[in-house]
Amino acid sequence: MYKCGGSRTTTKAVRLCGHGNRICVAVCPPFPYLALVASNLKGSSVALGAQNLYPKEGAFTGEVSPTMLLDLGCKFVILGTVNDVTSRENPWVYHQKVMSLRRGLKVFMRW
């Protein structure tokens with residue numbers, strides 16, 4: 001799993017980082033670049049993931065739902081934060097995890 005920053009130019013390099021079937025490789029670009037990276041990954045073995053999500057569906061300004069991520073082709077989502085040592089017991093992070101798994105996203109927990 002690779003969480004990346006970057007720009008439109010650096011998204012072209014992500015297709016080069018996944019080979020073989022024994023290891024699952026995923027990149028998790030910032031949300032504005034998800035569609036661009038998804039198009040660059042077509043035909044490669046690299047999976048697409050997101051850096052976070054909002055666990056509820058609906059019109060929540062600035063938030064990204066599991067359905068939106070799936071629609072873009074995401075298979076993974078990163079949840080939690082290494083900066084918050086309370087993430088493990090955080091009910092919000094737990095809710096994000098449950099809703100992600102229910103929708104079919106694989107979850108990568110950070111703590």
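The values are calculated or read from the model by the stated rules, or taken from the named source; none is laboratory data. Please read all numbers here as calculations on a predicted model, not as lab measurements. Methodologically, a virtual Cβ is constructed for each residue, glycine included, from the backbone with ideal geometry; neighbour enumeration extends over all protein chains shown.
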In the set G49, G18, G5, the lone residue that is surrounded by 14 or more Cβ atoms within 10 Å (Cβ to Cβ) and modelled with pLDDT under 85 is G18
Determine whether the range 39-46 contains at least one residue that is small (G, A, S), in contact with a strand residue (DSSP E or B) (Cβ under 6 Å, 6 or more places away or on another chain) and in contact (Cβ under 8 Å) with a residue 24 or more places away in the chain. no
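Give me a count of the residues in the range 91-111 that are within 19 Å of V27 (Cα to Cα) and modelled with pLDDT under 90.
Matching residues across the range 91-111 total 4.
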Suppose we filter the range 73-90 for residues that are assigned to a loop (DSSP other than H, G, I, E, B), modelled with pLDDT of 70 or more and either out of contact with any helix residue (DSSP H, G or I) (no Cβ under 8 Å at 6 or more places or on another chain) or of a type in the set (G, A, S) (or both); how many remain? 3
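What are the residues in the range 55-72 that are in contact with a helix residue (DSSP H, G or I) (Cβ under 8 Å, 6 or more places away or on another chain) and surrounded by fewer than 18 Cβ atoms within 10 Å (Cβ to Cβ), if any?
Passing the criteria: K56, E57, T67, L70, L72.
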